[in-house]
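Below is one structure; the comments refer to it alone.
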Amino acid sequence: AEPMVRRHCSAGACHAVRALAAVLCLAFSRGAAQPAVEAFPPSWAAAFEMNAAANCTWCGAGPCDMSLGVTKEHFATSITPQTDRAYPYWKPALQSQRLGDASDATTVIIVHHGSGRNGDEYTQYLAPYQSSTTLVFGCQIFERSDAGLDAETELYWAADTGAEGGYYDWKWGGESAPGVSKNATISSFQVIDEMVLAIEKSTPRLEELIIAGHSAGGQIVQRYALFSTLAHSKTRFYAANPSSVTYLSPLRPVLEPMTDCSFCVNETIKEQTFAFDTPSEDCGGAYDLYGYGLEGPSPPYVVASKSIGQANLTARYVKRRVSYVSGESDVCDAPYMNARDCFDCFADDHGLDTSCEAMLQGHCRMQRVHAFAQYVATYLGAAHPLVSVPGVGHNGCAIFQSDAFQAAAFDAPQQDPLEEEGDNAESHVASYTWWCDPPDAAFCSDDAPRGVAAPQAAETSATVARAAASPQKKPKVKRTLPGNVMMGGGTDVEAAFRWHVSRGGPECRFLVLRESGTDAYNSFVLDLGAAAVGTLVLNTRAAAEDPFVLAKVRQADAIFFAGGDQSKYVSRIRNTTLQTLLFDLSRDVTIGGTSAGNAILGKFVYTGATGSATSTEALADPYSRDVDLVDALLRSPALDAARVLMDDHFVTRDRMGRLVAFLARLVADDMCCADEDDKSVRGVGVDEKTALLLDGDTGVATVVGESTAYACQVDPAASAMRCEPGTPLTLAGVACLRMAPGDVFDFYAWNGTGDRYSFDVVHGQVHGDEYGPHDHGLF
């Protein structure tokens, strides 16, 4: 509810000119006659009816879901040994991982509370984003008088002591309270540094670290982004509704004086281009002191950071991925508004900093945020986005749960603001890299936008997936053929690539997907008959939502995943629009891979996220840290029907033992077929310089290359098995088929030509010849 419609309503309803603003304020808030409203557009009349009896709730307006619980934990900082006090923090109750615990998450969120020091509530605000791949941690600054503080075991900060330079002000990077024990103190910025380092160390698959704060938390995030000396190569900062920011020069926005109730009109602020100058009012010489600027004394952490010099400090800040988030209803100045009786209700600005220094940055938070975003763009050359949130006031929950924040932080691909695109044949965007040959081929053209934002809230990944899968669907008359190329790594098998190209039709557009690497495949595949070859490196998860990437995948007639790290394929593709699109294309297109690219083709995937498991390790403990299994990343009707897990470099790196351990885990953990009578699971291992060519229409594969491939089955109904954490594996009757070049295998029938044999595993040791052969014939 927003009684001052001209100021606080959502976008599209506020179009008042400043000359009428004060009159409209009085007319709306004091019950002017209805005919005065009827002269305005319908949206105004509707807004008047909605706000006539409001209670000034719009200053903090916005929806909020706090239904998810949280728990308090403790983090040992660098001064914990001296003080016997740890730093308290919060995590969602449904999240098992604590700060520093090993995790395969790809995204981690650190959220900082405001001056209310309600870290538990702020963690609840972000808790809906927690998932198997996203962790959430909430900071907790305590002051000595706070009821929730355990002063014997928890670090705390002093209340505002007025110390020069914000020495103890946690919002400004100040030190924790002295005299706790041996006078050891720590900066609030240093605490975040240590949290970041712990996350980076314990989260090897980390792709994005989000540090977000609102109100006073927005202040600390903006200043931390400015002064932190860590690399922050994976960090994005979101400073929401800060009451003040730290300018990097004496300039401030040129503001109109506050003479009536018409200041801080939100629609005017959104469209305003600010001028900047050195202010004539300098607040007694204090306006540019640290906190509001860079001058004068500052806490030790900031002093050390500033020692690199102004130019280097500015250059570092410009390169950081900082976004400024502004609620469009955060426009209140309670002392001014209430003193002038601007409303018939009491305005609550939620602790707006009304000091002289802060007022030089803007008359309200929305104006301060918008002005600073223009300042860093105009005077620093920074491409720091401004995220404007309509219909939300000074409300951290509504900000962080808004469609606008979600689209900016999670849905949109994140492009390095300083990275430039190359020419038509080779283009680099932070989220992906693209090469294509020959450059004049239609497939290589710029026929899709690069690096643009992914769909906004109304267009989720599922929406785009449906769009990708319907209007642009391939014609009913097949030009391409479905199937899989399963290559074991090492030297590439030319016969496999020739077959793969042939599946794409006479004008095959061949697409290589990589998690890292170069365009080395382009010329090789062109020489084998492809009309055009493109290579896309998926540098981050954002690539899997990028319109350009999706367009190129949709246009491809054959798709091949190069080797590398399969855990990166999993973390960057799983549960994205790209995964949905690949599911759809698998019905019409042959999708192949080598090494890590082969490992992701099956019904189940070994990720290798924490390191490559050896056979000895996996047999000794099938639940060891390096045995990490997930459900399918891609689709293949034949491989899915057979419940296959793929492995590669098979004989060369002695991987039969680990494949058997993987299969035992699938059975023990009911990952396969808990609701089916047949609970057997199967694995296929392909050695180097070898490939299986699977026809998707028949489900029959042919072996090509120089070495062997293996098809193995574990049937729990016919096998004695002991698969438990910390215990060596025991498994009887592992049935395998060894296949040489020229052999064929029917995945639907699980039957093929080659050498059939079996072996047992007893207390982690293989009994029998694990690589065969013994008998020859059908399996």
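The values are calculated or read from the model by the stated rules, or taken from the named source; none is laboratory data. Worth saying up front: this structure is predicted, and the values here are computed from it rather than measured. Reconstructed Cβ throughout: ideal geometry from the backbone, glycine too, with neighbour counts over all protein chains shown. Note: areas computed on protein heavy atoms with side chains; ligands, DNA, RNA excluded. Shrake-Rupley method; radii C 1.70, N 1.55, O 1.52, S 1.80 Å.
With all protein chains in place and a 1.4 Å probe, the accessible surface of the stretch 172-261 carries 54 percent carbon and sulfur. Looking at the stretch 484-554, the pairs of alpha carbons with a distance over 18 Å make up 43% of the total.
Per residue, the stretch 324-390 exposes an accessible area of 31 Å² to a 1.4 Å probe, with every protein chain left in place.
Among the protein heavy atoms of the stretch 667-779, carbon and sulfur supply 46% of the accessible surface, probe 1.4 Å, non-protein parts ignored. Straight Cα distances below 17 angstrom link LYS689 to the aspartates and glutamates ASP492, GLU494, ASP647, ASP648, ASP654, GLU706, ASP743, with same-chain residues fewer than 8 positions distant left out. List the aspartates and glutamates whose alpha-carbon lies under 19 Å from that of LYS91, not counting same-chain residues fewer than 8 positions away? List returned: ASP65, GLU73, ASP101, ASP104, ASP120, GLU121, ASP150, GLU154, ASP193, GLU194, GLU200, GLU208. PHE443 sits with roughly 10 Å² accessible to a 1.4 Å probe, with DNA, RNA and ligands left out of the calculation. Excluding ligands, DNA and RNA, the accessible surface per residue across the stretch 152-287 is 35 Å² with a 1.4 Å probe.
Sequentially through the stretch 353-365, phi angles give Karplus couplings (6.51, -1.76, 1.60; θ = phi - 60°) of 6, 10, 5, 4, 4, 6, 5, 6, 8, x, 7, 8, 5 Hz, Gly and Pro residues having no value and appearing as x.
Distant-in-sequence amide contacts of LEU135, defined by a placed amide H-H separation under 5 Å and a gap of 5 or more residues or a different chain, comprise THR107, VAL108, ILE109. Under 5 Å from the amide H of ASP492 lies no amide H of any residue 5 or more positions distant or on a separate chain, with H modelled from the backbone and absent for Pro and chain starts. Within the stretch 207-252, the proportion of C-alpha pairs whose separation exceeds 18 Å stands at 31%.
Couplings 3J(HN,Hα) for the stretch 392-398, derived from phi with the Karplus relation 6.51 cos²θ - 1.76 cosθ + 1.60 (θ = phi - 60°), are 10, x, 8, 9, x, 4, 5 Hz, where x marks Gly and Pro. Note on PHE410: accessible area is roughly 70 Å² with a 1.4 Å probe, heavy atoms of protein only.
Computed from backbone phi, the HN-Hα couplings of the stretch 737-749 come to 10, 8, 10, 10, x, x, 5, 10, 8, 9, 6, 5, 8 Hz, rounded to whole numbers (Karplus: 6.51 cos²θ - 1.76 cosθ + 1.60, θ = phi - 60°; Gly and Pro given as x). The residues of the stretch 497-571 expose on average 26 square angstrom of accessible surface per residue, using a 1.4 Å probe on protein heavy atoms.
Would you mind telling me the share, in percent, of accessible area of the stretch 104-155 contributed by carbon and sulfur at probe 1.4 angstrom? Looking at the stretch 104-155 in its full context, I get 39 percent from C and S. Does the stretch 541-599 come out rounded, prolate or oblate, given a ≥ b ≥ c as the square roots of the eigenvalues of its C-alpha gyration tensor, rounded meaning a/c under 1.5 and, failing that, prolate meaning a/b above b/c? Oblate shape, in that a/c is at least 1.5 and b/c is the bigger or equal ratio. Over the C-alpha trace of the stretch 170-316, radius of gyration and Dmax come out as 17.9, 56 angstrom. Computed with a 1.4 Å probe over protein heavy atoms only, the accessible area of ASP695 comes to about 40 Å². Once the C-beta distance of GLU256 and SER131 is scaled by a Förster radius of 35 Å, the resulting FRET efficiency is 0.15 to the nearest 0.05.
Checked against a 21 Å cut-off, the cross-linked pairs LYS72/LYS234; LYS552/LYS603; LYS603/LYS679 give Cα-Cα distances beyond that limit for LYS72/LYS234; LYS552/LYS603. Scaling the Cα radius of gyration of the stretch 538-636 by the globular reference 2.2 N^0.38 Å produces a ratio of 1.13. Distances between placed amide hydrogens fall under 5 Å for TYR287 paired with no residue 5 or more residues away or on another chain. Within the stretch 702-768, the proportion of C-alpha pairs whose separation exceeds 15 Å stands at 58%. Figure note: ASP588, ASP546 ranked by solvent-accessible area, largest first, 1.4 Å probe, ligands and nucleic acids not counted: ASP588, ASP546.
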